[in-house]
Structures are given as C-alpha cells and as structure tokens.
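Here is the structure we will look at.
The values are calculated or read from the model by the stated rules, or taken from the named source; none is laboratory data. Bear in mind the structure is a predicted one, so any value in this text is a computation, not a measurement. Here the Cβ positions follow ideal geometry from the backbone for every residue, glycine too, while neighbour counts run over all protein chains shown. These area figures cover heavy atoms from the full protein model, side chains too; ligands, DNA and RNA do not enter into them. Shrake-Rupley method; radii C 1.70, N 1.55, O 1.52, S 1.80 Å.
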Protein chains: 2
Amino acid sequence: MSTAPTGRMLIAGEPVLGGGARYRAVDPSTGEPLEPEFAHGGADEVARACAAADEAFRSYRNTTGQQRARLLSAIADGIEAIGDPLIERAHAETGLPVARLTGERARTTGQLRLFASVAAEGSWAGARIDPAQPERRPQARADIRQRRIALGPVAVFGASNFPLAFSVAGGDTASALAAGCPVVVKGHDAHPGTSELVAGAVAEAIASCGLDPGTFSMLFGRGPDLGVRLVTDPRIRAVGFTGSRSGGTALLAAANARPRPIPVYAEMSSTNPVFPLPAALAERAEEIARGFVGSLTLGAGQFCTSPGLVIAVDGPGLRRFEEVAAAELAGAAAAPMLTPGIARSYAEGVSALADHDAVHVLARGSDADQPHGCRPALHVTDAASFAADPALHEEVFGASALVVRCSDATEVRALAEALEGQLTATVHADGPDHPGAAELLPVLERIAGRILFNGWPTGVEVGHAMVHGGPFPATSDSRTTSVGSLAIERFLRPVAYQDVPADLLPSAIADGNPDGIRRHVDGELGTR
Amino acid sequence: MSTAPTGRMLIAGEPVLGGGARYRAVDPSTGEPLEPEFAHGGADEVARACAAADEAFRSYRNTTGQQRARLLSAIADGIEAIGDPLIERAHAETGLPVARLTGERARTTGQLRLFASVAAEGSWAGARIDPAQPERRPQARADIRQRRIALGPVAVFGASNFPLAFSVAGGDTASALAAGCPVVVKGHDAHPGTSELVAGAVAEAIASCGLDPGTFSMLFGRGPDLGVRLVTDPRIRAVGFTGSRSGGTALLAAANARPRPIPVYAEMSSTNPVFPLPAALAERAEEIARGFVGSLTLGAGQFCTSPGLVIAVDGPGLRRFEEVAAAELAGAAAAPMLTPGIARSYAEGVSALADHDAVHVLARGSDADQPHGCRPALHVTDAASFAADPALHEEVFGASALVVRCSDATEVRALAEALEGQLTATVHADGPDHPGAAELLPVLERIAGRILFNGWPTGVEVGHAMVHGGPFPATSDSRTTSVGSLAIERFLRPVAYQDVPADLLPSAIADGNPDGIRRHVDGELGTR
C-alpha cells in the first residue's frame, strides 16, 4: 500500500516516469510547490496504455457482474486503506478543507460500492428474449435475444474540483468498470499526488482480483496534447470528462473527427439558475438568502452545481433577499481556489461583470489573504439587459452570482426558456406559489437535468434516481447522467442474437436464466 | 380519406404546394414519369413546420402513454384504410413487388401498434424514486425521483428502399411519437405519392385524437438544402435517418456543428458479412449457397442487411459453395432498382470490383431487360488482397457480393476484426464448428449489432429483442436500435426531481403510482 507519491504514471500495473515536461503540484493556500516532481507522458505512453486496455478488454468484457463487483469493492477498500495520507495529500494539492475531503472520500467509496451492487444485480445487461414462433404465418419467427455489451476501453478525464469523486476512481471510472470497460485515466495536473495514490489502489485491486493489469492505466499530460491523443486513439471507444466548456468541446470535436466517431460524455458548464417565487420571498427572504450564500460560497463556489444565477420578480421580497445575501456574502471568508489559473479566470469573470454597464455590484467578499483566493461576488442586472447579452449567461467558475430582476412571472419564464442547458434549476416556492411553479416546471424540464424545490443544488446525492446531466452545454449528451446508477448505461450497447445455438449463448440470455437476472421475455419483465 | 396524391407537402395538417423545383416520381420499371407533379419546399416551409412542431411539443409531450397509444393505433388503422391505392402507388413509384409491399405495410402497421403498446405500458418513463431519509447521518437524504421526458421535435428522413416501413410513418416516426416527440419528416423523392398518402393518414389520426396538428409535418426537398436546414433548425432536437453513408455523415456533421449539437441516429452502411464455417460447408454447401443467393437478390439487394460479403476458409466446401451460388445467381432474374441514381451507383460499384486486379468474377445475373435493372454480381478475392484494400470493404448497394478465401480460421477472425461496423454478421455452423464459432463470436459482437446463426440477415423482425444498429458506419450511434421497441429510448432523456412538492410531481413519479407503471424504488423494481 503506497502512501507517498513518487511522481509516476501507471500503465497496466507498472509505475512509469514520463519523458515530457517536469512539474510539481502547487499548494494553492501558500503558492508553494510540493514534492515530488511529476512528468508528463506523450504519444508512447498513450499507445502503451491503450494497447494494454485493448488487450485487457478481451477478458475483462467477459467477467461476470460478480467479478466486477469484487473489483469495485476492492478499489473502495484500497482507497480507504491509504488512510490519512490520501486526505493530507489532497488537502495540500487542492486547498479543500479536510472535512470536505473526508466526506468526498466517503462519497467516492460509496459510489464504487453502489456500482458494485449494480454490476452484481445484472439488469445492466438489458436481457430480452423473443422466443421463436415456428408456427407463425406468413413467416415463422426466429429466436431473437438481446443483451448489452461493453463498448470498449474508456478514456476518463479527472476533474480539478473533486480530486476523489470526479477523478481517478470517480463516477466515470466506476461506471465504466462496472459496464465491463477498461479505463485509461488522464489524471489532473492540479492533484497528481492524489491521483497517483488512488491509481495505485486501483492497480492493487486489479491484481488482487486476478484481472488483466491493462484494465486500468493513469497518465499525466497536457489536454491539447495527451488528452486529444487519448481521445483519438482508435482503441478508445468512449470518453468521460468533467471540466470546462472549452476543454469538453475540444474533446468532443476530436472524437467527432475520428474516422470512427465515439461517444463523449462531457460535463461542462452550468449557471444553475435559482427561481425564488413571490410568496416564498415574501415569507422567508432572509432564510433563502442565507441558504443561497451558503451554497454559493461552499468550496469557493468551485462546484459544477454552484448557484450562479437568481431570476425573480422584483419587489420588496427580492430586495430583502438581495440585502441579506449581500450582507452574508460580504462577511464570507475568502477561500483558496484550486489552481492559479482558476483563480485568474475567476477574477477576470468577476471584473467583466463589474465593468458591465447594465450590471451593479451588490456585494464582494472580504479581500483574500491568499495568493489564489476567491473573493465572493454578487451582482444584479435587469431582465432586458440579461436577455440582450449572452455574455451575462456565461458561467463564472467560483463564488460569483448574478441576480436578474424581472417585472413579472411571464418575464421570469421567458428568461428561463432562453437559458442554455443546465445541470440544475432550483425553485423556492411556498403554497401560494404552486400555480406559478406549475407553469415554470415544464420550462425547467426542458433546460435542466435536475429540478430542486426549496433546497440548494450543491451536494449531488449518489443514488438510483439522481441525474447529473442536462442539455448542452451542461453536458455533451443530455440522454445520460454522470452521477448515479444510470451512469453505467453510457458504456453499453445492445447486441441481438438470432437463432444462436444454446451452447454458444452468453449466460445473460441463455436458456434457464443461469445468471438469475431480470429479463424481458416477449416484452414481459420477470426472472424467466 | 385521400387515395390519390395531389403533389402537396403537409404542414401541421395543411396541404402545402412547395415553391421550389417541380418534379414527378418515376416508375423504375418503365422509366416513365408519374402524375401528379410535386414541388420541393425550402427555408419557409422548414421554419413553418418546425415552429408548429415546437408549439405542439408543449402539449404533446404531456400526453399520457394511453393517448399516444390511441394516436399510433389510429395511424395504423388509417394506413390500412387507404387500401389498395397505397400499395399500387408504392409499386408504381418503387418497382417493388406488390406482395413485398403488402408485407411491408403489415410490418409498418404492426410496428405502429407495437409502439402503441410500448407507450401505454409506461416503462419508457424510466421512473425511479429514492425516498427521503431525513434521519440519515451525517446528512439527511432528499427525496429524489427520476423520469424520462421527450427530447423535443424530431426530424425523420424517409428511406428510398422501404417506402412504408422506414419512411413517413416508419419506425423512426412511430418511436418518436411514442416518446412524446412531434415529428417533421423529409419525404423521399423516390416515392412522394406514397409519402403524401401516408402523411394524410397521420394527419387525420392526429385530428381524430384531438391533438395539435403541429405534431406532424412532411416536407419535400433536396437533402443538402432542405435536409440540412431541418437538421440545423434550433427547434429540432434529434434526427432519425436511414440512407447512404454520405447522406448520414453530412447530417451528422451538420448536427455536430450546431451551437447546440443534437443526437443523430443515422443508419448508413453495412456489408453484412457471412461466415460459413468448415463443417457446415462440408455438409451443406449447396443449401447455404442457395439461401445466400436468395437473400442477396431479394428486392434486388436493396436492403440495409443484404449479405454482401462471404468470408470463409478455402477448400472443397467453399469452392462448392461458390459453384452453386454462381449457378443460382446466373439464373436470377434481373429486377428494377428503386431509382436511376441507385442503378447507376450499383453499376459503377460492380464495375470497380470487376476491374480490380485481385478480384475475379464468379457470376453475373442475366442482363436486365429494364431501364434501371439490377444485374446481380458475385466476385471472389483472396484474404491478403481484401486486407490490403479498404475499397473492397465498401458496400455496393444492390445485389453484389464478394467472397474472400482465407487460409485458416485465424485469418478469418483477423479479417473480421478489421471490418468496419456492421448491422449484422451471419454464421453458418454445424456441431463440429461450435468451438470455432465460440472463438469467432466475441469478434462479431464487437463489430455488429445483430449476430445470426444458420439464417439470413434480410428480414428484420420487429420485436422487443431486435437490434437494427451497430458500430460506425453501420450507424452513427451504436448504443441504439432503429427497429424494435428499444428504439423509443433514442428520443428520451432523464430528469431528476428533488423535493418537488407532491402536487407538482408528474404522474409517472407521483406518490401512489397513479399511472400504475413499473418503477424503481430505492433501486428495487416493482409497481409501488
């Protein structure tokens, strides 16, 4: 069990020192570089990892759900076994609080165990059997069976803002492994040590389960170089990505330009609009304002689901909300951002808002006593200005939000309809607001992957019903989710078997249901 | 009930004469133009149809499964009610035999009724409920529910080779309507009269069900012009297409270049390889050869699933197969092809094979006594030449097939691995072949959407287990099928509802299961 990073990538179980640019992680709370030195990989390492994944796919795709469940559980155990050194390293590399990282680790291992149960349960195979009807006229019906199979090796891109839950062994990796796909991760340069430690746990779990070491590799490198190489390698058959809009759309373009295009599941950009309705504002503007600022400033606003937009009818309720939110935000402590680049982008985004003719500052947080600190920001504009300028619709990654004052509920709905795709949309509504909420709901369904009432979008529950997705540019594929058990479906495709002899049928669709899974027989679901 | 075409498109229930190029359908068996004159639409008609579909989506998306089932059944009834004039018009426009078209009509109405049952059954909603856990520590769990909703208006492109089953009211339209999506069809210029008659039946069914007429429109126009306009209209949210590789990839590129990309389900190109294994060839080469030629020449080979490639170990069995197939094919009657353009492309494709240095003619069918006839063709080459020249891997649409002689089973598998994505792969195997078939099967799973044993790929059963799909370029999205009940999933996406008040919840995920559908509660499937 490795508890101290060495600077190595991991290719099919082997530690590998890259031949490319050397670099160190930076402690964002001090700006100081951390030991050890890491090194980027390049074309050679991509080719080695992809060849190993392709070879491993031959055996790994045929593992049973139980075998995959054991692997996923072993990875979860291994991550826990690293213990405090993992949390300490992640804290040093990201500046995120230890309590938050401890919670994120629990979420990560919980996610791995959820996918273990999903893999073992077997419904992911989508087994369907339409038995032969030799007597049917005018033509006999053949025996036709269907199951879902793994797509092939998957490239996963670790995100900067969740060094555990959306990184090396996060939801993309867990769901791809559950589906039967080997994984090649591009670790994020903002937390290479954390990445190396987790990759080591994955490799040990694979070895302990007796699986092909090529089932998992983890590389370091620049996105436009190593990342694009990975996505365009012909052996890679799907991509999972969480990050910026520019990064995600670049990978999407590269994948679409392949001779054989592949699916890209990129989770990119969302302003996560909040709609406090009039009765709720009249009744509890203060409570909503405090909850809002708490969600906005959590983790320095570095969440995909951070609430960056408030759209509401102007009036005493909204003004009271603004007043309380401004006061709360002015008192919010500055927090270090994940990387110098993120802090710079945040400062530029907030400056652009502050300089906008139609935008006014409601509040700024206290000045950051840190090299890369986030000074929270709250601005306000009017509906006409917001509608007229697409720049005001763009996400500022970090604790920045914009309030849009509307003249009436119709204007609120019109603005909502004109928004780009969102991961979440939040409504605050009391009883008298329900008729208005009923009119707003169909609009929100069309723009968002998750709709919440009287809560806050940060904190994405990992369960069966969760959707962490939504229309473009929230994600590149609104038909899916990257969080929750449904995420496994991203890495599967259906195959039909017609009159295949009984001794050659895969067990998921074999006679007598040897896997004991749920199957559709002539469209009827059961365990036949 | 209209039984004679008038030359009109149909926009939201209104007959509309296009302002673009005038043309007549051509009877391919005589080359003579047919009455009446039709006219292409353009930007105005696309905008009108898409605006009407977008408006209709507001109400149609909220129809119940039962309402959609009534609509789909009414469309099926309406198509049947047109009676013989529909078959006669389709025969005149396509040259396809009346018996084939009668069967295709039954398949089309059967497909509509299958999707009626799927819509009514309700599992398409994918209802999932993770109940709140207010006592959970460290954090309470919110109430989270999930259902799938319709993507929005869908553009459907009619195919030339199935004037009913893959055209105006074919599988794409049926599954989109079942999912809650309005449809705008681009009718195929090869059978505009058939298209108009069927569109009339759809419009009447929509009216009789009291639904918004904008739920369906049908336009005529050129692909690069009207087709691309349709795919790039911002109100269109998904595309269903069956046709050529060049047409499908052009629409895919247009959809990917939109500011907000949308899914394209294009079914394009497949050579449908056949693998007769040694024992089967030794035992029944004649029977396999006859079945093969029957499947190859069916409908002049104008099927997506026509078997255009035979890969087998050379030897007396394969030579006997070639001999019998050549004799059968030489005696096969020429049949008219669907359009002059298809006949020209076919002739060019066959000439290119005949002129290839490493390819030899095994047989040609008798000369066509028709202006656009298909003269079946069977060629042979060796494995090395096939492996070396990608041009030999390309589909020749029509009754043309290439036999590839291999030295052993390893070479057969290597060639199979190097094939592009396929709709189907067919194995002929007797008992002694099973060990070899078991080695071949995993290779075929990776390249094809459907694997058949001891049968022929033409004739795609419409059921629950069918997959009419496969890796690129068979389709643009291997995760789906365009035939069978699973096709509805192409037009849906999941949305999560967190702590949404009971009176605002959609019925699919409301308390007490008012829709009486199957739902996952905490991951357990049931009818709670």
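Accessible area buried by the pairing of B and A, both sides summed with a 1.4 Å probe, works out to roughly 6200 Å².
Once you sort the root eigenvalues of the Cα gyration tensor of region A:273-453 as a ≥ b ≥ c, which label holds: rounded (a/c under 1.5), prolate (a/b larger than b/c) or oblate (the other case)? Can you show the working numbers first?
Details: a/c = 1.72, a/b = 1.53, b/c = 1.12.
Prolate, because a/c is 1.5 or more and a/b exceeds b/c.
Note on surface exposure: B:348, B:445 rank B:348, B:445 by accessible area, highest first, 1.4 Å probe. Legend: residues A:175, A:351, sorted from most to least accessible area (1.4 Å probe; ligands, DNA and RNA excluded), read A:351, A:175.
The residue B:6 and residue A:222 beta-carbon pair, evaluated with R₀ = 60 Å, returns a calculated FRET efficiency of approximately 0.45.
Before I look further, what does chain A give for accessible area per residue, probe 1.4 Å, in whole square angstrom?
On the way: 17460 Å² over 528 residues.
Dividing the accessible area of chain A by its residue count gives 33 Å².
Which of the three applies to chain B, rounded, prolate or oblate, going by the alpha-carbon gyration tensor with a ≥ b ≥ c and a/c under 1.5 meaning rounded? In terms of gyration-tensor shape, oblate.
The accessible area of residue A:515, taken with all protein chains in place and a 1.4 Å probe, comes to roughly 70 Å².
Rounded, prolate or oblate: which fits region B:1-143 when a ≥ b ≥ c are the square roots of the eigenvalues of the alpha-carbon gyration tensor, with rounded for a/c under 1.5 and prolate only if a/b beats b/c? It would help to have the intermediate numbers written out before the result.
Details: a/c = 3.41, a/b = 2.01, b/c = 1.70.
Verdict is prolate for region B:1-143.
Distances between copies of residue A:260, taken at a point 7 Å out from Cα along the Cα→Cβ vector and listed shortest first: 3.3 nm. Of the solvent-accessible surface of region B:273-453, computed with a 1.4 Å probe and all protein chains present, 53% belongs to carbon and sulfur. Each DSSP beta bridge with both residues in chain A is either parallel or antiparallel, and the antiparallel ones are about 45%.
Please work out the C-alpha center-to-center distance from region A:333-379 to region A:135-156 and express it in whole Å. Distance between centres, Cα-based: 54 Å.
Per-residue extension of 0.36 nm, minus the Cα-Cα distance of residue B:66 and residue B:208, leaves a gain of 49.6 nm for this segment. Applying both filters, DSSP loop and at most 16 other Cβ atoms within 10 Å, to the GluC sites (Glu not before Pro) of region B:89-154 gives B:135. May I ask you to report, in nm to one decimal and beginning with the shortest, the distances from residue B:15 to the same position in the other copies, taking label points 7 Å along Cα-to-Cβ? The projected label point of residue B:15 is separated from its counterparts by 8.0 nm. For residue B:435, inter-copy separations between label points set 7 Å beyond Cα along the Cβ vector come to 7.8 nm, shortest first.
The chain B residue nearest the rotation axis shared with chain A, using its Cβ and rounding the distance to whole Å, is B:256, 3.
Compared with the dominant principal axis of the Cα atoms in chain B, helix B:84-94 is inclined by about 50°.
Subtracting the Cα-Cα distance from 0.36 nm times the residue separation, let me have the gained length for residue B:23 to residue B:100 in nm, one decimal. List each step's numbers first, then the result.
Working: separation 77, 0.36 × 77 = 27.72 nm, distance 2.64 nm.
Stretched out fully, the residue B:23 to residue B:100 stretch lengthens by 25.1 nm.
Calculation over all alpha carbon pairs of the protein assembly as shown in 20 angstrom steps from 0 returns a P(r) of 13, 42, 34, 10, 0 percent.
Mean sequence separation of contacting Cα pairs (under 8 Å, at least six apart), scaled by the length of chain A, corresponds to a relative contact order of 18 percent. Charge tally around residue A:383: other residues with Cβ under 10 Å, Lys/Arg +1 each, Asp/Glu -1 each, net -3. Reducing region B:391-413 and region A:23-83 to their Cα centroids gives an inter-centroid distance of 40 Å. Spatially, region A:459-509 and region A:240-301 are offset by 22 Å when compared through their Cα centroids.
Taken along the Cα-to-beta-carbon direction at a fixed 7 Å, the label points for residue B:58 and residue A:51 span 6.0 nm.
Could you give the size of the charge dipole of region A:273-453 about its Cα centre, using +1 on the Cβ of each K and R and -1 on the Cβ of each D and E, expressed in debye and rounded to the nearest 20?
Working: 11 positive and 24 negative charges, 83 e Å.
With Lys and Arg at +1 and Asp and Glu at -1, about 400 debye.
Antiparallel beta bridges, as assigned by DSSP with both residues in region B:273-453, represent about 20 percent of the total such bridges.
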